[in-house]
Amino acid sequence: MISKVIIRNFFKQYLFFFLIVQVFRVLFFLVYFDKSIQNNFTDILTSFVYSFLLDNSATMYLMIIPFFLYFFYSIFQINFFLSANRIYSYIMIILLVIIESSNIAIYNEWGIKLNYKAIGYLSDPTEAIRSARLSVLIPGLLTILFLSFVLIWGFKKFKLCKLEKKPFSLWFSIIWLFTMPVLIFLSMRGSIQQIPVSQSQSYHSKSNFVNTATVNTSWNLFHSILQNSQYMDVNPFVFTSLELAKQRVEKLYDYPTEKGVSLFKVENPNVVLVFLESWSGDFIDELGGDLHITPGFSKLTKEGFLFTNHYASGMLSHQGISAVFSGFPSTPLTSIIKQPAKYHNLPCFIEDFKNRDYHTSFHFGGQLIYGNIKAYIYYNGFDEIIEGADFDGDIPTGSLGHHDEFLYDRLLEDINLYPKPFFAGAFTLSSHSPFDQPVNDFVDKGGKYKAMINSVYYSDSCIYDFIEKAKKQDWYENTLFVFVADHSHPSPYEYPYYSKEVRKIPLLFYGDVIKDEYRGKTFDSIMSQTDIAATLLSQLNMPFDKFQWSKDVFNPQAPQFAYYGYDNGFGWITPTGNFAYLMGGKIIEYKFDSKADSTKLTRNGKAFVETLYQQYLDF
C-alpha cells in the first residue's frame, strides 16, 4: 500500500532530522566538557527531555516541504518528487550542520546561543573571515564539510527518499492532505496548549549553560531573526543625532545623590513581592477609581505606604516583570525578555539580594512559558521556582492554572520553610482572561467588563486573606510586602489605549517593617515600574548604580517623569504635562501647562526612546 510506504518514510525522515539535533547537543556538552562536569548530570540528561517540544517544533518546520512532496508523489508517483525531496534534505542537512556548528563556536566567544546578531556579523563575510583566526577557521570549515558528508551519506544509506511504486489510493491522498497539516501545525505550535511553545519550554536548570544547550538552536535563531527582522540594525525612533539624544538622557539622570526618607525599621527585612495580574489604577478607590471592587487592598493602604502616581512601563506581563526586576523600560515593537541572547546585558536585582545571602524564590500558579518569563526567571538564578506543575494534583485549576487563593497558600507553606532573610516573588493569574475564578460573581456591574471586575474582586479578597494568614507567622514582623501590577487593563472608563490613565497601576509597600510615621501615608511623585529597582535597593542600602534607567524616587533631587511603551509608540508623563507618540510622526495625546514645557518635555521623551531603543539594538 502506498499509504504505509509514505507514512513510514515521512516519519523516518522526521526522525533523521530530529536525531541530528540530538547529536549536536551531545557534541555541545562534549566540546564544553569542562563546563558540563560542573553541572548536575541529571540536569544534562533531562535536557534531552525538556528540549523535546522545541526540537519537535523545529523539525516539523523542516517537514513542511516533504509533506507536500509526499502528497504529490502519492497521486502521480513520479520520481521527480522524490529527487526534489532528496535535494531539499541535503540542503537542510548542510544548513543544520552550519547552524549547529556555528552555535558551538560562537558560544565560546559570546557565551550565548547563535542569534540574529551573528547573521548581521556574517552579512560582511570578508570581514568575518579576516577577523577569524586561521587556527579556528580552517578546522571549523573542515568539521562542517566532514559532518555534512557523514550525515548525507547516512541519509543515502537509509534510503529515505527511495520509494517503491504502489497502487494509487485516492482516499489516502485526501486523508494525508487534511490530517497531516493539523499534526504539523500543532507540533510547530507546541501542541494544543493555550500558550505557544517558546524558549522557556526548555529552561529547567539553575545552570544557564545547561539551559543554553537545551534550547533548540535553529528554532532560537529563526525566532530571533523574526523578532528583529524589521529593525535588526535600524532604530525606528530617530528624532535627532544619537549623541545629542544620549546627552539629553544623561542629563535627566544627572542629579545629586541625596538620601530621602528611610521607610524601614530593620536593615535586612524579608521581602515578598507580588505581581498583580492586570490590576489597573481604575480598580482602586485610593487611585481615583469609584468601582469599589478592592476593599481588601483599600484596608491595606491605611496601614501601608501607597504610591499614587505609579505607571506601568509596558502593556504585557513579561514587559512589567523585566521592568521591575531589571529596571529596563519596555520598548515599542518588541520585548527584550523574549530574547535570551540579550539577558546577559540586563541587570536583575535578585543578584543583589543573593549577594546579601537572601534565599530567593518565584511562584506562579500557571505556565511561566508565557512571554518567555520562565527563561528570564531561570536565567537570573532564583533559588526556587514554583509553577503550576509543581502544585499538588488535587488542587483545583482554572483555564490558566491555579487560582490566587491556592497560589498564596502554597507561597505561605513554602516561606515557612525558607531560611531568613528571604526574597519571595509571586505572580497572580485569576484576574487574567478568561476570568474563571472559582466563586460566584461578587458584583453585577461593569457591562462588558463585568467578568474582569469580578475577577479583581476575587483577587483582592485573596490578597487580604493572604495578609491575615501571614500575620500569624513568626517571620511576618520582619517582612516587607510589595504589591505591584504587572500592567494595566481596560476598564469601564474606556480611556484610549495610549493614554497615561490606562498606564496608571498600583504600587503598595506594606508590613510591620515600615516605620509607624509612614504607615497609612502616600507618595505622590510621578514614577515608573523601572524606578522600583533603585528605590527598593536604596531603602535596603544596596548599590543600584547598574540600573541606569531606574531612579530612587525618594531622592528629593530626582526628576519626576515616567516613560511607557506600547506596540507602535510611547508615552511620556511629567508633572507639567504628558504626550503620547505614534510611529510615523503623529502625536496622538498632548497635554501641557505651557508651550515652553511642551517643547522641552517632548524633546526629552523622544531622546529617551531613541536612546533606549538603540541600547536594545546594541545588546
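The values are calculated or read from the model by the stated rules, or taken from the named source; none is laboratory data. Every value quoted in this text rests on a predicted model; they were computed, and no experiment measured them. Here the Cβ is made from the backbone with ideal geometry for all residues, glycine too, and neighbour counts use every protein chain on show.
Restricted to region 441-489, and to residues that are touching a residue at least 24 places away in the same chain (Cβ under 8 Å) and more than 23 Å from Phe364 (Cα to Cα), which residue is surrounded by the fewest Cβ atoms within 10 Å (Cβ to Cβ)?
Selected residue: Gly447.
Give me a count of the residues in region 344-370 that are within 20 Å of Ile112 (Cα to Cα), assigned to a helix (DSSP H, G or I) and in contact (Cβ under 8 Å) with a residue 60 or more places away in the chain.
To start, the set of residues in region 344-370 that are within 20 Å of Ile112 (Cα to Cα) comprises 344-348, 351, 369.
Filter again for assigned to a helix (DSSP H, G or I), leaving 344-345, 351.
Among the residues that remain, those that are also in contact (Cβ under 8 Å) with a residue 60 or more places away in the chain are: 344-345.
Of the residues in region 344-370, 2 are within 20 Å of Ile112 (Cα to Cα), assigned to a helix (DSSP H, G or I) and in contact (Cβ under 8 Å) with a residue 60 or more places away in the chain.
Search region 107-117 for residues being farther than 17 Å from Val21 by Cβ and of a type in the set (A, V, I, L, M, F, W, C), and hand back the single one that is modelled with the highest pLDDT.
Here the answer is Ile112.
The rows are residues; the columns are (1) assigned to a loop (DSSP other than H, G, I, E, B); (2) closer than 29 Å to Tyr311 by Cβ; (3) touching a helix residue (DSSP H, G or I) at 6+ places or on another chain (Cβ under 8 Å); (4) not acidic (Asp, Glu).
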position: Tyr408; (1), (2), (3), (4): no, yes, yes, yes
position: Ala426; (1), (2), (3), (4): no, yes, yes, yes
position: Leu429; (1), (2), (3), (4): yes, yes, yes, yes
position: Asp444; (1), (2), (3), (4): yes, no, yes, no
position: Tyr449; (1), (2), (3), (4): no, yes, no, yes
position: Met452; (1), (2), (3), (4): no, yes, no, yes
position: Ser461; (1), (2), (3), (4): no, yes, yes, yes
position: Lys469; (1), (2), (3), (4): no, no, yes, yes
position: Leu480; (1), (2), (3), (4): no, yes, no, yes
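Listed residues Val249, Val272; which is at pLDDT 95 or above, among the β-branched types (Val, Ile, Thr), under 30 Å from Tyr116 (Cβ atoms) and in contact with a Ser or Thr (Cβ under 8 Å, 6 or more places away or on another chain)?
Working: Val272 fails: under 30 Å from Tyr116 (Cβ atoms).
The match here is Val249.
Could you grab me the full set of residues in region 139-180 that are among the aliphatic types (A, V, I, L, M), modelled with pLDDT of 90 or more and within 23 Å of Ile78 (Cα to Cα)?
Selection gives Ile152, Ile174, Ile175, Leu177, Met180.
Going through Leu69, Leu82, Leu53 one at a time, which residue ends up being surrounded by 15 or more Cβ atoms within 10 Å (Cβ to Cβ), touching a Gly at 6+ places or on another chain (Cβ under 7 Å) and at pLDDT below 95? Spell out how you get there, then give the answer.
On the way: Leu69 fails: touching a Gly at 6+ places or on another chain (Cβ under 7 Å); Leu82 fails: touching a Gly at 6+ places or on another chain (Cβ under 7 Å).
Exactly one of Leu69, Leu82, Leu53 is surrounded by 15 or more Cβ atoms within 10 Å (Cβ to Cβ), touching a Gly at 6+ places or on another chain (Cβ under 7 Å) and at pLDDT below 95, namely Leu53.
Based on this model, can you work out whether Gly565 counts as in contact with a Ser or Thr (Cβ under 7 Å, 6 or more places away or on another chain), touching a residue at least 24 places away in the same chain (Cβ under 8 Å) and either over 15 Å from Trp549 (Cα atoms) or not aromatic (Phe, Trp, Tyr) (or both)?
Answer is yes for this residue.
Yes or no: Asn604 touching a helix residue (DSSP H, G or I) at 6+ places or on another chain (Cβ under 8 Å) and more than 20 Å from Lys500 (Cα to Cα)?
Working: touching a helix residue (DSSP H, G or I) at 6+ places or on another chain (Cβ under 8 Å): yes; more than 20 Å from Lys500 (Cα to Cα): no.
Taking the combined requirement at face value, the residue does not satisfy it.
What is the number of the single condition among (1) exposed (fewer than 14 other Cβ atoms within 10 Å of the Cβ); (2) among the polar types (S, T, N, Q); (3) not in a loop (DSSP other than H, G, I, E, B) that Gln247 does not meet?
Every listed condition holds for Gln247 apart from (1).
Quick check on region 284-311: of everything there that is assigned to a helix (DSSP H, G or I) and in contact with a strand residue (DSSP E or B) (Cβ under 9 Å, 6 or more places away or on another chain), which residue is surrounded by the fewest Cβ atoms within 10 Å (Cβ to Cβ)? Walk me through it before giving the result.
Going through region 284-311, the residues assigned to a helix (DSSP H, G or I) turn out to be 285-287, 295-301.
Those still in the list that are in contact with a strand residue (DSSP E or B) (Cβ under 9 Å, 6 or more places away or on another chain) too: 286-287, 297, 300-301.
On the way: Glu286: 17, Leu287: 23, Phe297: 28, Leu300: 21, Thr301: 23.
Here the residue is Glu286.
Only residues that are free of Cβ contacts under 8 Å to residues at least 40 places away in the same chain and either surrounded by 22 or more Cβ atoms within 10 Å (Cβ to Cβ) or over 13 Å from the mean Cα position of the chain (by Cα) (or both): list them for region 315-343, please.
Hit for region 315-343 is Ile337, nothing else.
Out of Ser74, Ser51, report the one residue that is small (Gly, Ala, Ser), more than 22 Å from Pro139 (Cβ to Cβ) and over 29 Å from the mean Cα position of the chain (by Cα). Steps first, please.
On the way: Ser51 fails: over 29 Å from the mean Cα position of the chain (by Cα).
On inspection, the qualifying residue turns out to be Ser74.
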